[in-house]
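Chemist: My structure is below; once you've seen it, I'll send some questions.
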Amino acid sequence: MEALAEAFEDNEAMAAPLGVGGRGASVVVQVPDPELIPERMPGVTDAGNLSLRKMTKRQKNDLYAHMVCGCTVVTVKEAFAVCPGLETVTAVAVRRAAPDVYGRRAPEAVLAARFSRASLEGIHWADANAVEIVNEASNDRLFHQKGASAELQPLDARGNPDIANALEAIDLDDADD
């Protein structure tokens, strides 16, 4: 636990170990809110001029899914790097939910997956994107996108005690300090 916590200290996306047992570990990754994705992206007009065009909702949601998966995969890879004895890492990616009527923003899970060290061997890292890696190299994966815009949906913690326990262990207010 200590080696993982120390390794995660300097990560762009905050991460923390939840538990280590046998040859596996469980980690949580706090991913940014979807509002972080800008409204516009660089592009080129038909005439060859640079422009900042407005992204479609689908493009924004796809970019957000890549960010969530990227933060998760980086954290999993780091866990395997600092703990060579680990065979599996279960990762839960969380973000802040929309404010409730009191203005509180509880954590909500948007991705949960188990990765084995063996499943990450042989990946062509320069050619694969983070969403493909999560979809093809993980087991017991929960990751739901909804509708034509593929909006990333929060996972139902009530139906999964492991996710509920992970969310209960998180205090996002402490993460801001």
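Chemist: Of all residues in segment 72-110 being under 14 Å from the mean Cα position of the chain (by Cα) and without any contact (Cβ under 8 Å) to a residue 60 or more places away in the chain, which is nearest to MET14 (Cα to Cα)?
Modeler: VAL76
Chemist: Take the conditions assigned to a strand (DSSP E or B), out of contact with any Cys (no Cβ under 7 Å at 6 or more places or on another chain), surrounded by fewer than 18 Cβ atoms within 10 Å (Cβ to Cβ) and without any contact (Cβ under 8 Å) to a residue 60 or more places away in the chain and apply them to SER119. Does it pass?
Modeler: For SER119, the condition - assigned to a strand (DSSP E or B), out of contact with any Cys (no Cβ under 7 Å at 6 or more places or on another chain), surrounded by fewer than 18 Cβ atoms within 10 Å (Cβ to Cβ) and without any contact (Cβ under 8 Å) to a residue 60 or more places away in the chain - is not met.
Chemist: Only one of ALA113, ALA128 is over 25 Å from GLY159 (Cα atoms), at pLDDT 95 or above, within 17 Å of the chain's Cα centre (by Cα) and not aromatic (Phe, Trp, Tyr). Can you tell me which? Full working, then the answer.
Modeler: Details: ALA113 fails: over 25 Å from GLY159 (Cα atoms).
Unique residue meeting the criteria: ALA128.
Chemist: Further question: Looking only at segment 85-129, count how many residues are among the aromatic types (Phe, Trp, Tyr) and in contact with a Ser or Thr (Cβ under 7 Å, 6 or more places away or on another chain).
Modeler: Summing the residues that are among the aromatic types (Phe, Trp, Tyr) and in contact with a Ser or Thr (Cβ under 7 Å, 6 or more places away or on another chain) in segment 85-129 gives 1.
Chemist: Collect the residues in segment 79-116 that are in a loop (DSSP other than H, G, I, E, B), among the aliphatic types (A, V, I, L, M) and within 22 Å of SER26 (Cα to Cα), keeping them in residue-number order.
Modeler: Once the filter is applied, which keeps residues that are in a loop (DSSP other than H, G, I, E, B), among the aliphatic types (A, V, I, L, M) and within 22 Å of SER26 (Cα to Cα), segment 79-116 yields LEU86, ALA97, ALA106.
Chemist: Condition (residue is of a type in the set (Lys, Arg), part of a strand (DSSP E or B) and surrounded by fewer than 17 Cβ atoms within 10 Å (Cβ to Cβ)) applied to segment 140-148: is it met by at least one residue?
Modeler: yes
Chemist: Moving to a separate point now. For the condition surrounded by 13 or more Cβ atoms within 10 Å (Cβ to Cβ), within 17 Å of MET67 (Cβ to Cβ) and out of contact with any His (no Cβ under 8 Å at 6 or more places or on another chain), what is the one hit in ALA128, ALA97? Show your work before the answer.
Modeler: Details: ALA97 fails: within 17 Å of MET67 (Cβ to Cβ).
None of the other options fit; the residue is ALA128.
To keep it simple, each residue is scored yes or no on (1) within 18 Å of ILE163 (Cα to Cα); (2) among the acidic types (Asp, Glu); (3) in contact with a His (Cβ under 8 Å, 6 or more places away or on another chain); (4) modelled with pLDDT of 95 or more.
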| residue | (1), (2), (3), (4) |
| --- | --- |
| LEU18 | yes, no, no, no |
| GLY22 | no, no, no, no |
| PRO32 | no, no, no, no |
| ASP46 | no, yes, no, no |
| LEU52 | no, no, no, no |
| THR56 | no, no, no, no |
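Chemist: So which residues in segment 25-53 are surrounded by fewer than 17 Cβ atoms within 10 Å (Cβ to Cβ) and of a type in the set (Gly, Ala, Ser)?
Modeler: Those that are surrounded by fewer than 17 Cβ atoms within 10 Å (Cβ to Cβ) and of a type in the set (Gly, Ala, Ser): GLY43, ALA47, GLY48, SER51.
The values are calculated or read from the model by the stated rules, or taken from the named source; none is laboratory data. Every value quoted in this text rests on a predicted model; they were computed, and no experiment measured them. Cβ coordinates were reconstructed from backbone atoms using ideal geometry, including for glycine residues, and neighbour counts include every protein chain displayed.
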